[in-house]
Amino acid sequence: MRLVHWLTLPFVLVVAWWVATAGSQEFYVPPLRTIVEAAPGVWTPGRLRADVLPSLLRLLAGFALALVLGVGLGVLIGGRPLVRATVEPVLEFLRAVPPPVLVPVMMLFAGIGDGMKILVIVSGCVWPILLNTVEGVRAVDGVLADTARAYGLTGPARLWRLTLPAASPQIVAGARQALSLAIILMVISEMFAASSGLGYTIVEFQRSFAIPEMWTGIILLGLLGVALSGLFRLAENAVLGWYHGLRRVQKG
């Protein structure tokens, strides 16, 4: 029943799109049937390897690097009030700068290769992870912290057994936001001086007025987002199984 509920709205929207565009003569809004018929000829195994796979690898690399940086710096800043008070104004300034604006600057320092594209993804994804980690570390229960101190739990043991588990719900919430940003920034980074990638291919179709092919790329991008969201949910359930179980017990 959960699967039926999950699929009902997408099914209704697809049917509505199919019916609404069935007789469309609008150049930029072709019938959905035309888009579906164009997809197999566009997204061949060769094109998937050449364009989609590199995009996914860059996305995963940028997201993983942002996760490591965000959690590491978040634990450092959140656990030390003096450090937090010192760097907070700078963090607020940097967070307010949109990552796409930095693309020309990043091209100067990192070139136009994969490094620049990964850097663009990191520059946007690190902030929700970092800020959520800081708040999660700050919100560690005082009783648990005192208990850990009384039992002599310090250093790495305190980090792994108290701080990270207590902050993990907020860290995961930040990572979920970062994943959505990563998909957006992946496409944006491939629109600048790129020769491959999903974003590059969609823009090339648009520039050559291959509109049905362009729509197939947009739909494929949405399907990739759904797939990545589903995989993230599985990882979240594995990491936060204890937390969700505790919430169910408290509600019951």
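Hey, what did the stretch 55-132 get for relative contact order, percent, Cα under 8 Å, at least 6 apart?
Numbers: 55 pairs, mean separation 44.4, N = 78.
It rounds to 57 percent for the stretch 55-132.
If you take the square roots of the eigenvalues of the alpha-carbon gyration tensor of the stretch 119-252 and sort them as a ≥ b ≥ c, do you get rounded (a/c under 1.5), prolate (a/b over b/c) or oblate?
prolate
Considering only protein heavy atoms, what per residue accessible area in square angstrom results for the chain with a 1.4 angstrom probe? Walk me through the intermediate numbers first.
Values: 14930 Å² over 252 residues.
Accessible area per residue, the chain: 59 Å².
Of V120, L69, V52, which is farthest along the charge dipole of the chain in the positive direction, counting Lys and Arg as +1 and Asp and Glu as -1 at C-beta?
So the residue furthest toward the plus end is L69.
Taking square-rooted eigenvalues a ≥ b ≥ c of the alpha carbon gyration tensor, is the stretch 1-45 rounded, prolate or oblate, where a/c under 1.5 means rounded and, failing that, a/b exceeding b/c means prolate? Before the final figure, lay out the partial values.
Working: a/c = 4.05, a/b = 1.42, b/c = 2.86.
In terms of gyration-tensor shape, oblate.
If I take every Cα pair under 8 Å that is 6 or more residues apart in the chain, average their sequence separation and divide by the length, what percent do I get for the relative contact order?
The value is 24 percent.
Kindly sort K117, K251 by accessible area of their heavy atoms, largest first, with the probe set to 1.4 Å.
K251, K117
About the Cα centre of the chain, what is the dipole size in debye to 20, counting +1 per Lys and Arg Cβ and -1 per Asp and Glu Cβ, all else neutral?
So the dipole magnitude of the chain works out to roughly 820 debye.
Shape of the chain from its Cα gyration tensor (a ≥ b ≥ c, root eigenvalues): rounded if a/c is under 1.5, otherwise prolate when a/b > b/c, or oblate? Before the final figure, lay out the partial values.
On the way: a/c = 2.92, a/b = 1.64, b/c = 1.78.
Oblate, because a/c is 1.5 or more while a/b does not exceed b/c.
With unit charges on the beta carbon (Lys/Arg positive, Asp/Glu negative), name the residue among L231, L220, L102 whose Cα is farthest towards the positive pole of the charge dipole of the chain.
Among L231, L220, L102, the one farthest towards the positive end of the dipole of the chain is L231.
Keeping all protein chains in the complex and leaving out DNA, RNA and ligands, what accessible area do you get for V101 with a 1.4 Å probe, in Å² to the nearest 10?
Near enough 90 Å² of accessible area.
Order of 39-48, 208-217, 131-140 by packing, highest average Cβ count within 10 Å first? Spell out each step's value before the answer.
Details: 39-48: 12.4, 208-217: 18.6, 131-140: 20.9.
Top to bottom by mean Cβ count within 10 Å: 131-140, 208-217, 39-48.
Please list V83, V90 in order of solvent-accessible area, largest first, computed with a 1.4 Å probe with all protein chains present. It would help to have the intermediate numbers written out before the result.
Details: V83 45, V90 85 Å².
Descending order: V90, V83.
Assign unit charges at the C-beta atoms only (+1 for Lys and Arg, -1 for Asp and Glu), then state the dipole size of the stretch 1-147 relative to its Cα centre in Debye, rounded to the nearest 20. Write down the numbers at each step before the final one.
Values: 10 positive and 9 negative charges, 50 e Å.
So the magnitude is around 240 debye.
On full extension of the chain, what length is gained from M191 through L82, given 0.36 nm per residue of separation minus the C-alpha to C-alpha distance?
Numbers: separation 109, 0.36 × 109 = 39.24 nm, distance 4.10 nm.
Using 0.36 nm per residue and subtracting the Cα-Cα distance, I get 35.1 nm.
What percentage of the solvent-accessible surface of the chain, computed with a 1.4 Å probe over protein heavy atoms, is contributed by carbon and sulfur atoms? Show your work: numbers first, answer last.
Details: 10450 of 14930 Å².
C and S fraction of accessible area: 70 percent.
The values are calculated or read from the model by the stated rules, or taken from the named source; none is laboratory data. The shown structure was predicted, so the numbers you read here are calculated from the model rather than taken from an experiment. Using ideal geometry, Cβ is built from the backbone for each residue, glycine included, and neighbour counts are taken over all protein chains shown. When the accessible area is computed, the model is the full protein with side chains, heavy atoms only, and any ligands, DNA or RNA have been set aside. Shrake-Rupley method; radii C 1.70, N 1.55, O 1.52, S 1.80 Å.
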